[in-house]
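The values are calculated or read from the model by the stated rules, or taken from the named source; none is laboratory data. Remember, predicted model here, so these are calculated numbers, not experimental data. We place every Cβ from the backbone using ideal geometry, glycine too, and count neighbours over all the protein chains shown.
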Amino acid sequence: MSNDVFMIGNSECMINIFSLIRKIALVDYPVLITGETGTGKELAARAIYERSERSKYSFVSINCSAIPKELFESEIFGHEKGAFTGAHQEKKGLVEIANKGLLFLDEIGDLPLEIQPKLLRLLENSEFKRLGSNSTMFANVRIIAATNKNIEDMVEKKIFREDLYHRLSTFRIHMPPLRDRGDDILVLAKFFINKFSKEMGFKSKEITQEAKTKMLNYLWPGNVRELINRLRRALVFSDNHIISSYDLGLPTNQNIIKPLKEYLWDCEKNALLNALLYSNGNISKVADKLCISRQSVHKLLNKYKIKIKEDKKTEVQEQRNKPRVDKKFNSVLLYNNKEITGYIKNLSSQGYCFVSTRILEGLKGKKCILKIPAIETEIEVVVVRENIVSKMTHLGLSLE
């Protein structure tokens, strides 16, 4: 296992990448890193930098997609005083700042076409000119570029220079998506839970076996970045020393591949529902937890058709078309990594009657997770007496 700059993994694909990084760090050529968003492309670049002679100098990173086209040349190569309106003094570009060190160009596929020959000149001759200057300057800088786009396809379509592509890809690393890394998912999860627990001042928590299974089957469209965000939220919202799939907000149906836009929609909605749950419907507290304004909270409530009642408890008007529970319904009660199988009956006034061969008396007052597989639902419940678990109607999850 490698711990370089939080690059962690035991899978064969990652072991191969660690080996590539060690070898590439010893030479001083450009590198092109490809892979989906959130796979750790910048971490790979930093790992190369840390193992190279250039680690004594600066690591400068820039996201090419975040810079307006008209400002790109000035940002990269700098400008002279009076080079354009508002240029009241000369400015060093990132190339100069990174001199003797490493310049990381993220999202290189968004590099403007007119800037590409200037970058090629820097790569080939270590030469560049500031905007507004006729004087040639020199920089000793290593360049590593990264992209989540198909650069070969862009070259074919003449929207990315072929000569620049070949110059950048002297060495190439492809970062695999998290879904292809097998048990690395659990290795990463354990590492980040321990790391974030220390940062937050929490005791470390364990992931339930059921949640681990779902994690291994989940597609992780946001890759490691999504895993990190889900774990942070789970650590804050889980009420005991375990983390369930409910805490992680993982979808029940793992076999449907959704577009990223739909996954982001689900993540945002789950974050809102969790904030409402732990804030008891208080809009100000929800806004604080989500780090957004009260106005933004109301916009999200309208977006997802969630209404707040006068008693401050929430009711989801639009949910998953859950059928009425008229008879017994197979279910599983989760507590402290243990599963208790049985079925439920809807008692309306008191709560759900959970019928099992095991008595729940020892769990009185405890929060558990009630899984109802037939309607793909997990809800947090409290054991109120014997085999009665309370309903969570304030989240609109009543099965009446």
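General remarks:
- Taking the stretch 91-113 as the range and being of a type in the set (D, E, K, R) and under 17 Å from G78 (Cβ atoms) as the test, the residues that pass are K91, K92, E96, K100.
- Candidates V187, V141: the one that is of a type in the set (A, V, I, L, M, F, W, C) and farther than 20 Å from T39 by Cβ is V141.
- Qualifying position, being on the phi > 0 side of the Ramachandran plot and not small (G, A, S), among K69, K100, K91: K100
- Residues satisfying the stated conditions in the stretch 45-87, i.e. among the small types (G, A, S) and in contact with a Gly (Cβ under 6 Å, 6 or more places away or on another chain): S58, G78, A83
- Scanning the stretch 166-183 for residues that are touching a residue at least 60 places away in the same chain (Cβ under 8 Å), part of a helix (DSSP H, G or I) and surrounded by 15 or more Cβ atoms within 10 Å (Cβ to Cβ) yields R167, L168, L178.
- In this structure, I33 qualifies as under 21 Å from D180 (Cβ atoms) and either crowded, with 17+ Cβ neighbours inside 10 Å or not hydroxyl-bearing (S, T, Y) (or both).
- Given (1) closer than 26 Å to V332 by Cα; (2) surrounded by fewer than 16 Cβ atoms within 10 Å (Cβ to Cβ); (3) modelled with pLDDT of 90 or more, number of the condition V236 does not satisfy: (3)
- Exactly one residue among L219, L186 is under 16 Å from the mean Cα position of the chain (by Cα), outside the structural domain of T34 (by TED's automatic domain parsing) and touching a residue at least 40 places away in the same chain (Cβ under 8 Å), and that residue is L219.
- Matching residues in the stretch 36-50 - criterion: being surrounded by fewer than 17 Cβ atoms within 10 Å (Cβ to Cβ) and not in a helix (DSSP H, G or I): T37
- Of the candidates K214, K203, the single residue that is in a helix (DSSP H, G or I), assigned by TED's automatic domain parsing to the domain that holds R232 and in contact with a helix residue (DSSP H, G or I) (Cβ under 9 Å, 6 or more places away or on another chain) is K214.
- Just one of the numbered conditions (1) under 30 Å from L216 (Cβ atoms); (2) part of a loop (DSSP other than H, G, I, E, B); (3) touching a strand residue (DSSP E or B) at 6+ places or on another chain (Cβ under 8 Å) is not true of I193: (2).
- From the list I108, I159, the lone residue that is closer than 23 Å to Y57 by Cα and of a type outside the set (K, R) is I108.
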